[in-house]
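Chemist: Dropping the structure in here first, questions after.
The values are calculated or read from the model by the stated rules, or taken from the named source; none is laboratory data. Because the structure is predicted, anything quoted here is derived from the model rather than measured. Cβ sites come from the backbone with ideal geometry, for glycine too, and all protein chains shown count toward neighbours.
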Amino acid sequence: KAGVTQTPRYLIKTRGQQVTLSCSPISGHRSVSWYQQTPGQGLQFLFEYFSETQRNKGNFPGRFSGRQFSNSRSEMNVSTLELGDSALYLCASSQGDGGHGYTFGSGTRLTVV
Amino acid sequence: ELKVEQNPLFLSMQEGKNYTIYCNYSTTSDRLYWYRQDPGKSLESLFVLLSNGAVKQEGRLMASLDTKARLSTLHITAAVHDLSATYFCAVRGSGGADGLTFGKGTHLIIQP
């Protein structure tokens, strides 16, 4: 059974640019959530999608957005990148309500220079 | 606002010893999760605790949940070097709002 696939694994961008990260959940999982991990702030919730609808949203500025497609794959976009956006971005896949847990992908390490 | 506090944040221990990591949370929750993270890696799911009094064990690790005290523990028995990692607890708020709130993590080093 394939796990959660995140692409790309590493990314270097310049301040002011935008970036799109991709996440393919485990087959059959309809929920995808995104997290940002930094040494200073730890792991923080960005948003969650279920059946193409944003179900929950964390406390991040509007520069952070996402979407989910009909095949449950999800993308997150960050516009007008800032140095502070450098982080490991993790997506998590679950069947629905997390009762069987959340499986995390390997992450995308974004560096903004 | 849901807050999750782990302690200790750093733990150095010898192989063969027992120790407990504590996870306190501030508001009602119906789900608690434990994860392990190795340096430069993603999060590996260890336990999902769904109800008061839940206890789960896998190898040398045992996790429990007391929803009345808003406390979960991760107990390590007879530690071995391979258990060196950072351990996170995460709590899902009641009703599923706001995703998972993570503790700051416990950086565990087990020395031979």
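Chemist: Here's a check for you: in segment B:92-108, which residue that is modelled with pLDDT of 95 or more and in contact with a Leu (Cβ under 8 Å, 6 or more places away or on another chain) is farthest from the other protein chains (Cβ to nearest Cβ)?
Modeler: B:L108
Chemist: Checking the conditions here, which among A:L90, A:L21, A:L81 is at negative phi, of a type in the set (A, V, I, L, M) and more than 10 Å from the chain's Cα centre (by Cα)?
Modeler: After ruling out the rest, the residue left standing is A:L81.
Chemist: State all residues of segment B:46-84 that are part of a loop (DSSP other than H, G, I, E, B), among the small types (G, A, S) and buried (at least 16 other Cβ atoms within 10 Å of the Cβ); if no residue qualifies, say none.
Modeler: Step one: filter segment B:46-84 for residues part of a loop (DSSP other than H, G, I, E, B), giving B:50-54, B:59-60, B:67-70, B:77-80, B:84.
If we keep only those that are among the small types (G, A, S) as well, we get B:51, B:53-54, B:59, B:69, B:78-79, B:84.
Residues satisfying the conditions are B:A54, B:A79, B:S84.
Chemist: Further, regarding this structure: Kindly provide the set of residues from segment B:14-35 that are part of a strand (DSSP E or B), away from chain A (no Cβ under 11 Å) and free of Cβ contacts under 8 Å to residues at least 60 places away in the same chain, ordered by number.
Modeler: If the condition is that a residue be part of a strand (DSSP E or B), away from chain A (no Cβ under 11 Å) and free of Cβ contacts under 8 Å to residues at least 60 places away in the same chain, then B:T20, B:Y22, B:N24 are the ones that fit.
Chemist: Test A:L43 against the stated conditions and say whether it is more than 10 Å from chain B (Cβ to nearest Cβ), buried (at least 18 other Cβ atoms within 10 Å of the Cβ) and not basic (K, R). Quick ask: steps written out before the conclusion?
Modeler: Working: more than 10 Å from chain B (Cβ to nearest Cβ): no; buried (at least 18 other Cβ atoms within 10 Å of the Cβ): yes; not basic (K, R): yes.
Against the criterion (more than 10 Å from chain B (Cβ to nearest Cβ), buried (at least 18 other Cβ atoms within 10 Å of the Cβ) and not basic (K, R)), A:L43 does not qualify.
Chemist: In segment B:38-70, what residues are touching a Phe, Trp or Tyr at 6+ places or on another chain (Cβ under 7 Å) and away from chain A (no Cβ under 14 Å)?
Modeler: Scanning segment B:38-70 gives a single hit, B:R70.
Chemist: Now a separate question. If B:Q111 satisfies every condition in (1) over 15 Å from the mean Cα position of the chain (by Cα); (2) on the phi < 0 side of the Ramachandran plot; (3) within 11 Å of chain A (Cβ to nearest Cβ) but one, which is the exception?
Modeler: Unmet for B:Q111, out of (1) over 15 Å from the mean Cα position of the chain (by Cα); (2) on the phi < 0 side of the Ramachandran plot; (3) within 11 Å of chain A (Cβ to nearest Cβ): (3).
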